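Structure first, then comments.
Derivation of every value follows stated rules applied to the coordinates shown; laboratory data play no part. Quick caveat, the model's predicted, so the values are computed rather than measured. With ideal geometry, Cβ positions are generated from the backbone for all residues, glycine too; neighbour counts draw on all protein chains shown.
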2 protein chains.
Amino acid sequence: MVFADLEARAAALDAADPLAPRRGLFHLPEGVIYLDGNSLGALPLSVPGRIAAVLREEWGEGLIRSWNEAGWIDLPARVAAKIARLIGAEPNAVLVGDSTTVNVFKTLDAALRLVPDRRVVLTDSGNFPTDIYAAEGLAGLRAGGFEIRIVRPDEVASAIGDDVAVVMLTEVDYRTGRRHDMKAITAHAHAAGAVTLWDLAHSAGALPVDLVGAGADFAVGCGYKYLNGGPGAPAFLYVAPRHLGSVTPALPGWLGHAAPFAFDLGYRPAPGIERMRTGTPGVLGVAALDAALDVFEGVDMAVVAEKAARLAGLFVEGVERACRDLVLAGPRDPALRGSQVSFHAEEGYAVMQALIARGVIGDFRAPDIVRFGFTPLYVSHRDAVRAAATLAAVVNERLWDEPRFKVKAKVT
Amino acid sequence: MVFADLEARAAALDAADPLAPRRGLFHLPEGVIYLDGNSLGALPLSVPGRIAAVLREEWGEGLIRSWNEAGWIDLPARVAAKIARLIGAEPNAVLVGDSTTVNVFKTLDAALRLVPDRRVVLTDSGNFPTDIYAAEGLAGLRAGGFEIRIVRPDEVASAIGDDVAVVMLTEVDYRTGRRHDMKAITAHAHAAGAVTLWDLAHSAGALPVDLVGAGADFAVGCGYKYLNGGPGAPAFLYVAPRHLGSVTPALPGWLGHAAPFAFDLGYRPAPGIERMRTGTPGVLGVAALDAALDVFEGVDMAVVAEKAARLAGLFVEGVERACRDLVLAGPRDPALRGSQVSFHAEEGYAVMQALIARGVIGDFRAPDIVRFGFTPLYVSHRDAVRAAATLAAVVNERLWDEPRFKVKAKVT
C-alpha cells in the first residue's frame, strides 16, 4: 500500500525539516523504521566512543584516580544540568541516578513530609504501575501509612480535595499518550494545599517541559526513552529549590552526606540536591547518558514537539484512511497528548509482531494497545507515512495471522 | 630500598603461583603496582569488547528487541548465579542491581519484618557508614522506628541480647581489614532469636564466603571492588530461600511484579528473589559485571585467599622491617582479616599521594589510615615486596613532605 499524496507531503516536510540533520547523529539499523524510542531510544553515535574511552583510559589506565582526574565524581551533576535544560528546571535541582521507581519512592516520601497532616496520595489509572507500586511500598513502611487514591485521568482535577497531600501523576500516559496539563493541575493542587510529583518518563526529551513555570514541587524521569541513554540508563529526580532545605532523604547514603569522605557514623545531609543521592553512581550508565544528551545541544524543544505532532498526524491520517479496524486510543488533538499515538487493535500482540517482522518497530501494551512513539531527532516524515502503510497492510491483509506472531516473548 | 631476600622469595612464589596466568586477563597500567582493587577493581580485558557489542549490536542494531533476543531480561539472573558461586549462596537467592546502600535498605527492612516484636538493629563502629545511614533512613520511616545500636567490633558477640532484631555487620572492616567470624556470629544471633544481614563488600571475590554454611539470612555486596565490575557497578543482595516466601519488599517495582507486563495497578510480588527487584536494571553495568566475572571461572576462592595472605604477609614484613613509623592497623593474623592491610600513618594523606606519585596505588581513609588491598588475580608477590620498599622509602625519606601531596582532592 502506498499513499502517493502523503508521501509527497512527507517528502516536502522532510526537505524543510530543521531537525533532519540530527538523524545522522544516531545509529539506526538498515531497513527499520523505529517507532519505539518511547521505550528505548536509539543509539547516539557519540556513545560507543565515549564508553570505550571510559573503559580503556579512565578505568583501565586511570583506575581509582579517575574519580578525581577524569571527573567521575562530578559527572552526574554535569548530566543533571543537561537534563535540567530540557525539563525547565533550575540547574542545581536535578539529580541523576538510580531507577525511576527508586526515585519515585524518594521523592514521594519527601513530598509527604511537607504535608504531614494529610494522608492521601492522589494518582490516576493512567500512571505507570511502578509508580503506584513504589507508593504502596512506602505506604507499608511509613508510620500511619497513607491512602493511595486512584481515579480516572479525567477525574484528577476534581478529585484534588483538602485531604490530598500529594498529587502524583505521569504527565504523559504510557499507553494512550494523553497529556495532563501540568501547570493547571499543579496550581489546583497548590490551591488545595497539596504538593505535586510529576513523572516525566514520556515527557523529558519529547516535549517542552517547564517545571519552574508550572511551579512543580517534585519530579522524576527516565534516562532510556527520549533521552536515549541506553537500556536501563540512570533515571533522574527533581526537587524544587524552595523545598530542598527541608527535605529529609528517605534513602540516605554516603554520597549524599555533607562530608562523604569523613566517614562519620551519623548521617548529615549535603546542603543541596546531592542529599537525595544514595549510593555510588554507575559511571558507565551516567557517561553513556552524558554522551547521548549531546544530540539535544542547541535543539529547541518546541521545534521537536511541532515535528512530533506532524509525524503523528501523518501516521494517524494514513492509518485511518486505509484501515477501519484500528481505533485511535487517546486524544486526537496533539496539544493534549505526548509524542506517541496508540490504537486499539484486536490481536494487537500478533499485529505488532507481524509489523516488526516487516521492519516497523513499535510495541504492544496489554490488553490491546499497539503503540508508536515519534522521536523527531531520528524519525522522518516519510518514515511516518511508510509505517502507516505497513501497519494498514498488516491489518487489512491479516498478515499477523501466523502462529509465530502469537508466541509471547518474555518482554512484551 | 631493595629487599634482596624478600625479592628472591617473592620470585620463587610467583614462579609457583597457579593464579599468575590470571594477571593476563586484566589491563594494568605500565609502571603501576595497584593495591586499591578493594576500592575499584582493575579492568578485565573481556569487558571492552563485550560492552562494544552491547552498544553496537544489541542496542544499536537490536534496539528494543534485545530485551528478548539478546537476553537482557535474564542477564541479571545469569550474573547473580556467577556471584552466588563466589559467596556460597544458592543460585536463585541472589539479585543483581541497584547500589549497595539501596540493597541494605531493602534487606534490612525485610529482616526487620521477620522479627516484628523487637526494635534493635545491632551494628559496629567498623561498619561502612553508608550501611548505618540506610538504617537511619529506614528507622525514620518505619512505624515505631527502631534503635541502631553501635558497639565496638570486639563487643558484637556479647551485645547480641534478646532485644536485638537484626545483627547488621560488614564482614571485613573497610579500614582495618578485621574480619568477623560470620558463622559464629550468625549462630549466636540465631540462638538469641535475631537474624543477620552481612555486607560482603570487602569479601565477595576476595575470600571464600559460605552464606549457606554460615546459615546467613540476608547479605548485600558491591560489584566494583573485588568483583571488578567497573566504577559504580551494580551491587547485589541475598535472601536465604527459607525467608523468600515471607519477604515483602520495601521498594517494590514493576520488574519485581509477578507479571510485569500485565501492568496491573496493584503490586503482587514475584515468587522468587525477583520480588526484591525494583526498577529496570542498567544493562551496560550488568553486562560489564557479567564479562568481568569470567576472570573467576574455575578459580578456587581458597587458593585466592591463601595467595592474598602471602601477598599481605610479604608486604607487612617488608614495611615493618624498614620503617618504624608505620603501625599496623588491624589483625596480624591473616585468618582474622580480609584481603587488605592498613597502617596508621601520620600525614597519611600526603604519604599516600607521594606513594601514588611513585606508582604504588593504595588509598587513604580518615583519619590516619593508609590502606592496601591485595587482589591475587592480578597482583604478584614481587609487586607486594616492591610496594613495601616504595612505601618505606616514602616515609623514611619524608618524600611526602611536599605541598602538592597535601592538597586534598574531592575523592580522598
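Ordered by the number of other Cβ atoms lying within 10 Å of each residue's own Cβ, fewest first, B:L114, B:L251 fall into the sequence B:L114, B:L251.
For segment B:183-255 and segment A:316-363, what is the separation of their Cα centres, given in Å? First find each Cα centre; the distance between them is then 46 Å. Each Lys or Arg adds one and each Asp or Glu subtracts one; over the other residues with Cβ under 15 Å from the Cβ of B:R321, this totals -1. Calculated on the Cα set of segment B:1-146, radius of gyration then Dmax: 22.1, 63 Å. Comparing mean-square fluctuations of B:E147, B:E397, B:E306 from a GNM of chain B with C-alpha springs under 10 Å, the top value falls on B:E397.
Adding -39500 (n - 2.57) for every DSSP H run of four residues or longer, then dividing by how many residues chain A holds, sets the calculated 222 nm ellipticity at -10500 deg cm²/dmol. Electrostatic bookkeeping for B:A357 treats Lys and Arg as +1 and Asp and Glu as -1; over the other residues with beta carbon under 12 Å from its beta carbon, the sum is +2.
Residue by residue along A:232-238, Cβ atoms of other protein chains within 10 Å of the local Cβ number 4 on average. Full extension of the chain segment joining B:A259 with B:A192 gains 20.3 nm, where the gain is 0.36 nm per residue of separation less the Cα-Cα distance. Each copy carries B:G359; placing its label point 7 Å along the C-beta direction from Cα gives inter-copy distances of 5.7 nm, listed from smallest up. With its label point put 7 Å out from Cα toward Cβ, A:A4 sits 9.6 nm from the same residue's point in the other copies, in order from shortest. Against the empirical 2.2 N^0.38 Å (N residues), the protein assembly as shown has a Cα radius of gyration ratio of 0.97. Contact order, relative form, for chain A: 23 percent (alpha carbon pairs under 8 Å, 6 or more residues apart, mean separation divided by residue count). GNM, chain B, Cα, under 10 Å: largest mean-square fluctuation among B:R118, B:R149, B:R65? Looking only at B:R118, B:R149, B:R65, the largest GNM fluctuation is found for B:R65. Relative to the globular-protein estimate of 2.2 N^0.38 Å, the Cα radius of gyration of chain A stands at 1.01. Under the criterion of Cα pairs below 8 Å and six or more residues apart, the relative contact order for segment B:342-399 equals 37 percent. Plainly put, the tip 7 Å out from Cα toward Cβ on B:D74 is 4.5 nm from that tip on each other copy, the closest given first. The mean count of C-beta atoms from other chains within 10 Å of the C-beta of residues in B:321-329, rounded to a whole number, is 0.
In this simple spin-label model, placing a label point 7 Å from the Cα along the Cα-to-Cβ direction at both B:E30 and A:D325 gives a separation of 6.7 nm. Exceedance of the 22 Å cut-off in Cα-Cα distance is limited, within the set B:K82/B:K225; A:K106/B:K82; A:K82/B:K408; B:K307/B:K410, to A:K106/B:K82; A:K82/B:K408; B:K307/B:K410. Just checking the listed ones, A:V121, A:V304, A:V54: in the Gaussian network model of chain A with Cα springs under 10 Å, the one fluctuating most is A:V54. Here the residues B:H188, A:H202, B:H257, ranked from fewest to most Cβ neighbours within 10 Å of their Cβ, fall in the order B:H188, B:H257, A:H202.
Can you compute the FRET efficiency between B:N68 and B:E346 using 1/(1 + (r/R0)^6), with r the Cβ-Cβ distance and R0 = 51 Å? Round to the nearest 0.05. That gives a FRET efficiency of 0.30.
Distance from the C-alpha centroid of segment B:153-177 to that of segment A:293-309: 54 Å, rounded to the whole angstrom.
So if R0 is 56 Å, what FRET efficiency would B:L114 and A:R56 give, r being the distance between their Cβ atoms, rounded to the nearest 0.05? After rounding, the FRET efficiency stands at 0.75. Against the main long axis of the alpha-carbon atoms of chain B, helix B:75-87 sits at an angle near 60°.
Sorted largest first, the spans of the alpha carbon positions of segment A:71-296 along the three principal axes are 48, 42, 28 Å. Computed over segment B:169-219, the Cα gyration tensor eigenvalues convert (square root of 5λ each) into semi-axes of 19, 11, 9 Å, ordered from largest to smallest. When only Cα pairs below 8 angstrom with a gap of at least 6 residues are kept, segment B:71-296 shows a relative contact order of 25 percent. What FRET efficiency would be calculated for the residue pair A:A335, B:E90, taking the C-beta separation as r and a Förster radius of 45 Å, to the nearest 0.05? Approximately 0.25, to the nearest 0.05.
In terms of other Cβ atoms within 10 Å, B:D290, A:D163 run from fewest to most in the order A:D163, B:D290.
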